[in-house]
Amino acid sequence: MTEIKFVLGITFLLLLLTTFVIVFVFFYQKRFYFLKKEKQELIAKYAQLLLQSKIEIQEQTLQHVGQELHDNLGQVASLIKINLNTLKLEDTAGTIEKIESTKGLTRQLIADIKSLSVSLGSDRVKQAGLVKAIEVEVERLNKTRQFIVTCQVGAAIPDIDTDKATILFRMAQEILNNAVKHSKAKHISISINNSNKLFILAFEDDGIGFNTEDKRQSAGAGLRNLSSRANLIEAQLRIQSLPGNGTRATIELLL
Amino acid sequence: MIATILGGIFKYMDTLPPLVLIFIAAGKKELRGSLIFYFLVLQCALNLYANLLTISNANNLFIYHYNCLFSFFILSLFYIKLFNTPNTKWLIFGAALLFTLLFLIDTIYLEPMDQFNSNSFCLAAFILCGYSLYYFMRIFKNPTGTHISKSRNFWFNTGIFSYYTINFFIFITYNKLTLEKSPLLIYIWQMHNTIFLIMCIYFYVGIQCKTND
């Protein structure tokens, strides 16, 4: 009888042991499967966001090019045409002056076309780097003469992975666009620095500012997009603003 | 009366569940010729014959010698196919040869055909537990892309692991208990049959799965 009880007892213990082993294996593999699925989803989301950023950069570039062609290049070409149409060969002094002026305008036109062709390059960030791409944006904004935009670049800015640089550039464009459209600012300053492998991109304007809490709770997609892009590249985004006190936006990325 | 009914149920718990599984598996084209199917057919046939001999008060212990040997061979082939590498193939083949030799020595010199072959069953259980644990270890090292609950082989392996591990102590002691003609021996075999049913439940879950791994 004791022997029977002993056998049954041991068998019951073995039953518990095997159940534990099976449950452990099952849940381990289940967890691995979900982590793998989550990782694949993150990779897909990252790729989608990267593609979206590239498309948005291209759209913005085309918009800028169209505006430049109309406002700037078209104007200069018209002036060249007027100059040539109003040439009077009998008035030598006047003709020479107009030809010189036309030469100057033509040089300006060629320079502007060259500059535009650079911005039409399919991957500006990849070719020129993040800092240069931001400097081109600054130049573009300054040309409108509606803002004074300054860009201060610190020493020893390291190269950033192209994909992260593309997303950072898109975030920079978004922040600048928001400043242009909503802030009514006169001065926008950008600073690019690197400190102990921490890349810092900061924007500051002297505009009307806004209530960041209200913006976060409202349905606006702008801040949400910025946040989700920052999360995707594991960057820290801080936006500080108060009505009447301008806006300061900082992006920090650990390299 | 309840005890009688339960006794009757337990008595055929090593015959009816595999019979049901055979019919279910036979309905699936990919399982009809599989090794687990043959294992179930073997178990059902031999256990049924053993039960018939019990009813006619004849010694049925010799059936378990055949059960042990042929089950071991079928499950060894199952694991050769499951692991599918040259090294494991030769290892399992070698283990099968060694087992056969030890089985013959046990049957001829230690536990003849009219006794329960505890030694052979323990050895078979030990080796098969080793194979099933190795399969679990492979899952840890190289987790599959498919969710494990949808893998047929996982459930078959779990059934084999459960049956041979939990019954290990029953197998070790059963020969001695039968020789002592313990009146409570029936409870031990009912425990065995319950564990056999657990194995069949795992096999059923595996049969319902659509993927092998």
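Look at (1) outside any helix (DSSP H, G or I); (2) under 27 Å from A:Lys143 (Cβ atoms) and you find that A:Leu87 fails only one, number (2). Please verify whether region A:38-61 includes one or more residues that are at pLDDT 85 or above, outside any helix (DSSP H, G or I) and more than 21 Å from the chain's Cα centre (by Cα). No, region A:38-61 has no match at all.
Looking across region A:113-153, not a single residue is in contact with a Leu (Cβ under 7 Å, 6 or more places away or on another chain) and at pLDDT below 80. Determine which member of the set A:Glu68, A:Glu59 is in contact with a helix residue (DSSP H, G or I) (Cβ under 8 Å, 6 or more places away or on another chain), within 24 Å of A:Leu176 (Cα to Cα) and charged (D, E, K, R). Of A:Glu68, A:Glu59, the one residue that is in contact with a helix residue (DSSP H, G or I) (Cβ under 8 Å, 6 or more places away or on another chain), within 24 Å of A:Leu176 (Cα to Cα) and charged (D, E, K, R) is A:Glu68.
Okay, residues lined up against (1) of a type in the set (A, V, I, L, M, F, W, C); (2) in the same structural domain as A:Ser53 (by TED's automatic domain parsing); (3) without any contact (Cβ under 8 Å) to a residue 12 or more places away in the chain; (4) over 26 Å from A:Asn72 (Cα atoms):
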site: A:Glu135; (1), (2), (3), (4): no, no, no, no
site: A:Phe147; (1), (2), (3), (4): yes, no, no, no
site: A:Cys151; (1), (2), (3), (4): yes, no, no, no
site: A:Arg170; (1), (2), (3), (4): no, no, no, no
site: A:Gln173; (1), (2), (3), (4): no, no, no, no
site: A:Ile190; (1), (2), (3), (4): yes, no, no, no
site: A:Gly209; (1), (2), (3), (4): no, no, no, yes
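Filtering region B:119-172 to residues that are among the aliphatic types (A, V, I, L, M) and in contact (Cβ under 8 Å) with a residue 12 or more places away in the chain leaves B:Leu123, B:Ala124, B:Ala125, B:Ile127, B:Leu128, B:Leu133, B:Ile139, B:Ile160, B:Ile166, B:Ile170, B:Ile172. Going residue by residue through region A:28-35, is there one that turns out to be among the polar types (S, T, N, Q) and either modelled with pLDDT under 90 or not in a helix (DSSP H, G or I) (or both)? Yes, there is a match, as at least one residue in region A:28-35 is among the polar types (S, T, N, Q) and either modelled with pLDDT under 90 or not in a helix (DSSP H, G or I) (or both). The set of residues in region A:22-55 that are open to solvent by less than 40 Å² (accessible area, probe 1.4 Å) and within 9 Å of chain B (Cβ to nearest Cβ) comprises A:Ile22, A:Val25, A:Gln29. Please verify whether A:Glu56 is touching a residue at least 24 places away in the same chain (Cβ under 8 Å) and on the phi < 0 side of the Ramachandran plot, treating the condition exactly as stated. When the stated conditions are applied, A:Glu56 passes them. Among the residues of region A:130-142, those identified as over 12 Å from the mean Cα position of the chain (by Cα) and surrounded by 15 or more Cβ atoms within 10 Å (Cβ to Cβ) are A:Glu135, A:Val136, A:Val138, A:Arg140, A:Leu141, A:Asn142. Kindly indicate whether A:His64 is buried (at least 16 other Cβ atoms within 10 Å of the Cβ) and not assigned by TED's automatic domain parsing to the domain that holds A:Lys164. Considered against the rule, which asks whether it is buried (at least 16 other Cβ atoms within 10 Å of the Cβ) and not assigned by TED's automatic domain parsing to the domain that holds A:Lys164, A:His64 comes out as yes.
Of all residue pairs spaced 6 or more apart or on separate chains, those with beta-carbon atoms under 6 Å, a first member in region B:29-58 that is under 17 Å from B:Thr15 (Cα atoms) and a second member that is among the charged types (D, E, K, R) and assigned to a loop (DSSP other than H, G, I, E, B) are B:Asn47/B:Asp14. No other residue among A:Gly244, A:Gly222 is surrounded by fewer than 17 Cβ atoms within 10 Å (Cβ to Cβ), at pLDDT below 90 and over 24 Å from A:Glu139 (Cα atoms) apart from A:Gly244. Those residues that are exposed (fewer than 13 other Cβ atoms within 10 Å of the Cβ) and of a type outside the set (Asp, Glu), I need them from region A:155-178; list them, please. Residues satisfying the conditions are A:Ala155, A:Ala156, A:Pro158.
With respect to (1) at pLDDT below 90; (2) out of contact with any helix residue (DSSP H, G or I) (no Cβ under 7 Å at 6 or more places or on another chain); (3) of a type in the set (Phe, Trp, Tyr), the lone exception for B:Tyr12 is condition (2).
The values are calculated or read from the model by the stated rules, or taken from the named source; none is laboratory data. The shown structure was predicted, so the numbers you read here are calculated from the model rather than taken from an experiment. Note that each Cβ is placed from the backbone with ideal geometry, even for glycine, and that neighbours are counted across all protein chains shown. Please note that ligands, DNA and RNA were not included when accessible areas were found on the heavy atoms of the full protein model with its side chains. Shrake-Rupley method; radii C 1.70, N 1.55, O 1.52, S 1.80 Å.
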